[in-house]
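Remarks on the structure that follows.
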Amino acid sequence: MCIACRNRESQHSLFRIQFEDNRVVPYRGYGRSAYICRGCAADRKRLQKIVKRYRLDESQLVEVLKELNTDG
Ligand SMILES: [Zn+2]
């Protein structure tokens, strides 16, 4: 389930991330993971909701999503 819009998508269309303190990093196979769908990853307003809720750094989150996107 996407943490921004709470829609259930197939895992294929979701980016898997994990939280490390107030940062988000690509999922490394352990720890607390979360999903963000491609629609939300491209939507600044929805990302800002997550940023507030989890007290993240917005530019850092955007960078990670960009990185995941280019990985395919
Ligand atoms: Zn979403």
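Coordinate-derived values only; no laboratory data. Since this is a predicted model, take the numbers as computed values, not measurements. Virtual Cβ from ideal backbone geometry, glycine too; neighbours counted across all protein chains shown.
Those helices (runs of 4 or more DSSP H) of the chain in which at least 1 residues are among the β-branched types (V, I, T), surrounded by 12 or more Cβ atoms within 10 Å (Cβ to Cβ) and within 13 Å of the ligand (Cβ to nearest atom), considering only elements entirely within it, cover 44-54. Contact map, region 1-15: first residue within 12 Å of C40 (Cα to Cα), second residue more than 9 Å from the ligand (Cβ to nearest atom) and among the small types (G, A, S), Cβ cut-off under 8 Å, separation 6 or more or different chains; pairs are I3/A34.
Tally the residues that are under 15 Å from V64 (Cβ atoms) and either touching an Asp or Glu at 6+ places or on another chain (Cβ under 9 Å) or not basic (K, R) (or both), restricting the search to region 3-27. Can you show your working first?
So in region 3-27, the residues under 15 Å from V64 (Cβ atoms) come out as 3-4, 14-27.
Narrowing the set further to residues that are either touching an Asp or Glu at 6+ places or on another chain (Cβ under 9 Å) or not basic (K, R) (or both) leaves 3-4, 14-15, 17-27.
Selection size over region 3-27: 15.
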